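K.L.:
For reference, the structure I am asking about is given below.
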Amino acid sequence: MTCEIVCLESISAIPARQWDDLAQGNPLLSHSYLEALEATHCAAPRTGWAARHLALLRGGSLRAAMPLYAKNHSRGEYVFDHAWANAYARYGMSYYPKLVSAVPFTPVPGPRLLAYDRHDQLLLLEAAKQLLREQGYSSLHILFPQEDELGVLQQAGLLLRSNIQFHWQNPGYRDMDAFLAALTQPKRKKLRQDRRRVSQAGIEFRALAGPQITGATLRFLYLCYMQTYLEHGNTPYLNLDFFERLHDRLASAMVVILAERAGVPIAAALNIRHGDRLYGRYWGCTESIPGLHFETCYMQGMEYCIAHGIRVFEGGAQGEHKLARGMLPVRTLSAHWIEDPVFGPAIADFLEKETPFVQQYLNELMEHSPYRTP
């Protein structure tokens with residue numbers, strides 16, 4: 001049966017059930033999540049995220065797809081290629097616009113080539129390259145793909161780039177004391193002191209999931225999220241409409257950690273659950289209290305994982321400080337196709353030199369593991 005690959009400027013043009021069948025149940029890659037980003041204009045041409053989703057059709061049915069965006073900047077990606085853009089600019093060339101396959105504002109690994117077989121994955125990649133050439137994009141970037149997609153990405157000629165995140169592993173701790181007992185004495189003592197300081201400030205925590213999350217909770221969560229961005233001099237990516245749509249469509253995947261003092265909320269963190277993984281996403285507070293950030297964002301997320309048998313907590317991109325909280329470094333990857341015949345080999349050479357340094361950095365981090373040696 002012949003196939004047709006089309007480029008769509010809105011995920012709403014794709015039947016939700018057919019997309020979700022390919023997305024392997026991942027809420028962050030679901031039709032509802034991506035459509036909410038587009039419908040609320042968080043991921044839209046005016047914000048530099050213009051949808052160019054690829055859909056492979058056979059007999060009128062969706063058989064493969066790639067979430068794809070035309071980008072005129074590198075913000076919200078968490079794979080930093082600003083040096084590449086600057087190199088283009090020095091030679092009077094334009095790095096932007098480029099094509100990016102990712103979940104906007106979300107450095108969470110997951111499938112990017114949504115297909116039932118390798119052949120269709122290759123067809124998607126070739127279609128993306130063809131779109132690049134026809135529309136004059138400089139490059140194609142596949143961010144945080146799954147490990148089982150790496151072979152087909154390399155087969156298609158894309159360059160792999162390594163990065164590091166920090167994830168917490170739960171081997172089956174019975175409670176938080178069991179987790180703390182696994183740490184070295186200095187790290188265990190420091191974490192207990194930090195947690196005690198928050199408790200002595202009169203802060204109590206609640207974990208709210210699904211229908212427990214009210215409209216008032218969402219509004220406070222958004223206030224906290226917005227405050228975090230404004231304090232760092234940045235414009236928030238998301239709006240309240242997005243959070244409300246997310247809850248309306250994917251409430252079962254949402255976990256909000258709410259910090260309260262005398263019943264009044266002062267901090268909140270949003271997490272997304274997918275199977276045996278909990279993804280830490282957004283946080284903020286209305287007043288500064290020592291240790292509140294780490295407790296709300298990390299320790300309470302871990303405690304929730306232990307209570308609900310969740311195996312992995314992903315605390316987001318970057319942050320060596322996460323090592324002291326029991327998170328260990330893991331390698332994440334991105335894949336890149338650079339169309340220019342001069343910059344393509346130059347970036348390949350750069351990555352060949354960069355990769356050993358990333359591995360060395362990971363090894364050095366592991367030498368400072370907070371866990372006791374068995």
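K.L.:
Which one of the conditions (1) aromatic (Phe, Trp, Tyr); (2) closer than 27 Å to residue 346 by Cα; (3) in contact (Cβ under 8 Å) with a residue 12 or more places away in the chain does residue 80 fail to meet, given that it meets all the rest?
P.N.:
Evaluating residue 80 over (1) aromatic (Phe, Trp, Tyr); (2) closer than 27 Å to residue 346 by Cα; (3) in contact (Cβ under 8 Å) with a residue 12 or more places away in the chain leaves (3) as the failure.
K.L.:
Being closer than 12 Å to residue 265 by Cα and either crowded, with 16+ Cβ neighbours inside 10 Å or basic (Lys, Arg) (or both) is the filter here, so list the residues in region 195-217 that pass it.
P.N.:
In the first step, residues of region 195-217 are kept if they are closer than 12 Å to residue 265 by Cα; the result is 202-206, 216-217.
Those that are closer than 12 Å to residue 265 by Cα and either crowded, with 16+ Cβ neighbours inside 10 Å or basic (Lys, Arg) (or both): 203, 205, 206, 217.
K.L.:
How do the pairs read when you match residues in region 43-64 that are free of Cβ contacts under 8 Å to residues at least 40 places away in the same chain with residues anywhere that are surrounded by fewer than 17 Cβ atoms within 10 Å (Cβ to Cβ) and not aliphatic (A, V, I, L, M), using Cβ under 9 Å and keeping only pairs 6 or more apart or on different chains?
P.N.:
45/9; 45/72; 48/72; 48/73; 48/75; 48/96
K.L.:
Here are 267, 348: which of them is buried (at least 22 other Cβ atoms within 10 Å of the Cβ), over 20 Å from the mean Cα position of the chain (by Cα) and farther than 23 Å from residue 178 by Cα? So that I can check it myself, show each step before the final result.
P.N.:
On the way: 348 fails: buried (at least 22 other Cβ atoms within 10 Å of the Cβ).
Answer to the check: 267.
K.L.:
Further, regarding this structure: Quick check, is residue 349 part of a loop (DSSP other than H, G, I, E, B) and under 24 Å from residue 81 (Cβ atoms)?
P.N.:
Numbers: part of a loop (DSSP other than H, G, I, E, B): no; under 24 Å from residue 81 (Cβ atoms): yes.
Judged against the criteria, residue 349 is not a match.
K.L.:
From the list 52, 46, 58, which residue is touching a Leu at 6+ places or on another chain (Cβ under 6 Å) and among the charged types (D, E, K, R)?
P.N.:
52
K.L.:
Follow-up. Residue 287 fails exactly one of the following numbered conditions: (1) touching a Phe, Trp or Tyr at 6+ places or on another chain (Cβ under 9 Å); (2) surrounded by fewer than 17 Cβ atoms within 10 Å (Cβ to Cβ); (3) among the charged types (D, E, K, R). What is the number of that condition?
P.N.:
All conditions pass for residue 287, except number (1).
K.L.:
When residues of region 213-223 are filtered for being in contact (Cβ under 8 Å) with a residue 24 or more places away in the chain and over 24 Å from the mean Cα position of the chain (by Cα), how many remain? It would help to see each step written out before you state the result.
P.N.:
Here is the first cut: in region 213-223, the residues in contact (Cβ under 8 Å) with a residue 24 or more places away in the chain are 213, 215, 217-218, 220-221, 223.
Narrowing the set further to residues that are over 24 Å from the mean Cα position of the chain (by Cα) leaves 215.
So the answer is 1.
K.L.:
I've got another one for you. Which of the residues that make up region 290-322 are of a type in the set (D, E, K, R), within 26 Å of residue 264 (Cα to Cα) and surrounded by fewer than 23 Cβ atoms within 10 Å (Cβ to Cβ)? Outline the logic, then answer.
P.N.:
Restricting attention to region 290-322, the residues satisfying the condition of being of a type in the set (D, E, K, R) are 295, 303, 311, 314, 320, 322.
Those still in the list that are within 26 Å of residue 264 (Cα to Cα) too: 295, 303.
Across region 290-322, the qualifying residue is only 303.
K.L.:
Regarding residue 195, is this residue in a helix (DSSP H, G or I), in contact with an Asp or Glu (Cβ under 8 Å, 6 or more places away or on another chain) and not hydrophobic (A, V, I, L, M, F, W, C)?
P.N.:
On the way: in a helix (DSSP H, G or I): yes; in contact with an Asp or Glu (Cβ under 8 Å, 6 or more places away or on another chain): yes; not hydrophobic (A, V, I, L, M, F, W, C): yes.
The answer is yes for residue 195.
K.L.:
If I filter region 119-134 for residues that are at pLDDT 95 or above and closer than 29 Å to residue 309 by Cα, do I get at least one hit?
P.N.:
Narrowing region 119-134 to residues at pLDDT 95 or above: 119-134.
From what's left, closer than 29 Å to residue 309 by Cα: none.
Scanning region 119-134, I find no residue that is at pLDDT 95 or above and closer than 29 Å to residue 309 by Cα, so the answer is no.
K.L.:
Are any of the residues in region 25-38 modelled with pLDDT of 95 or more and farther than 16 Å from residue 247 by Cα?
P.N.:
no
K.L.:
Sticking with this structure for a sec: Return the pairs, sorted by first residue and then second, in which the second residue is among the aliphatic types (A, V, I, L, M) and loosely packed, with under 13 Cβ neighbours inside 10 Å, the first residue lies in region 184-201 and is within 15 Å of residue 323 (Cα to Cα), the beta carbons are less than 9 Å apart, and the residues are 6+ apart or on different chains.
P.N.:
Close Cβ pairs (under 9 Å, with a partner that is among the aliphatic types (A, V, I, L, M) and loosely packed, with under 13 Cβ neighbours inside 10 Å) amount to 188/181.
K.L.:
Further, regarding this structure: Does residue 237 qualify as being part of a helix (DSSP H, G or I), modelled with pLDDT under 95 and either assigned by TED's automatic domain parsing to the domain that holds residue 35 or touching a Gly at 6+ places or on another chain (Cβ under 9 Å) (or both)? Talk me through it step by step, then tell me what you get.
P.N.:
Details: part of a helix (DSSP H, G or I): no; modelled with pLDDT under 95: yes; either assigned by TED's automatic domain parsing to the domain that holds residue 35 or touching a Gly at 6+ places or on another chain (Cβ under 9 Å) (or both): yes.
Against the criterion (part of a helix (DSSP H, G or I), modelled with pLDDT under 95 and either assigned by TED's automatic domain parsing to the domain that holds residue 35 or touching a Gly at 6+ places or on another chain (Cβ under 9 Å) (or both)), residue 237 does not qualify.
The values are calculated or read from the model by the stated rules, or taken from the named source; none is laboratory data. None of these values were measured; they are calculated from a predicted model. Here Cβ is always computed from backbone atoms with ideal geometry, including for glycine, and neighbour counts include all displayed protein chains.
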